[in-house]
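What follows is one structure encoded as structure tokens, with my remarks underneath.
The values are calculated or read from the model by the stated rules, or taken from the named source; none is laboratory data. On a predicted model such as this, the values are computed, not experimentally measured, just so you know. Note: ideal-geometry Cβ built from the backbone for every residue, glycine included; neighbour counts use all protein chains shown.
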Amino acid sequence: MSKSRQFCIHGITHDGRTFRPSDWGERLAGAMSSFRPGGVAAGIGAHIGYSPYCVPQTVGGVRCVFVDEALRDLAPMAWDFVMNFARDNSLPVSEVCVLPPEGSSGG
């Protein structure tokens, strides 16, 4: 079974402008926080933290959101929401290249 692909939504628009507001990644990932393996957790503190399928990051000083393709199978409407957000706001989406651990045969 192959591992799902990872995608990065870049916070620099196709025409080179920094996307605003500056916390857009945290907001987007926060909206996706309930989409988790095993479903929504219950109890005190269950709302704290991001989904492992949609995580805000800063790469090279640029705000980004990393999205796991597994979200597509778990919640197709959530996947569509995230991808449409990127498209509607002219944010580039690229597949993330994950290198095998050092010393691994890679295959």
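Some values worked out for this structure:
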quantity	calculated
Flag for Arg36 being surrounded by 10 or more Cβ atoms within 10 Å (Cβ to Cβ), modelled with pLDDT under 90, on the phi < 0 side of the Ramachandran plot and charged (D, E, K, R)	yes
Those residues of region 84-97 which are farther than 11 Å from Cys8 by Cβ and either touching a helix residue (DSSP H, G or I) at 6+ places or on another chain (Cβ under 9 Å) or part of a loop (DSSP other than H, G, I, E, B) (or both), in sequence order	Phe85, Asn89, Ser90
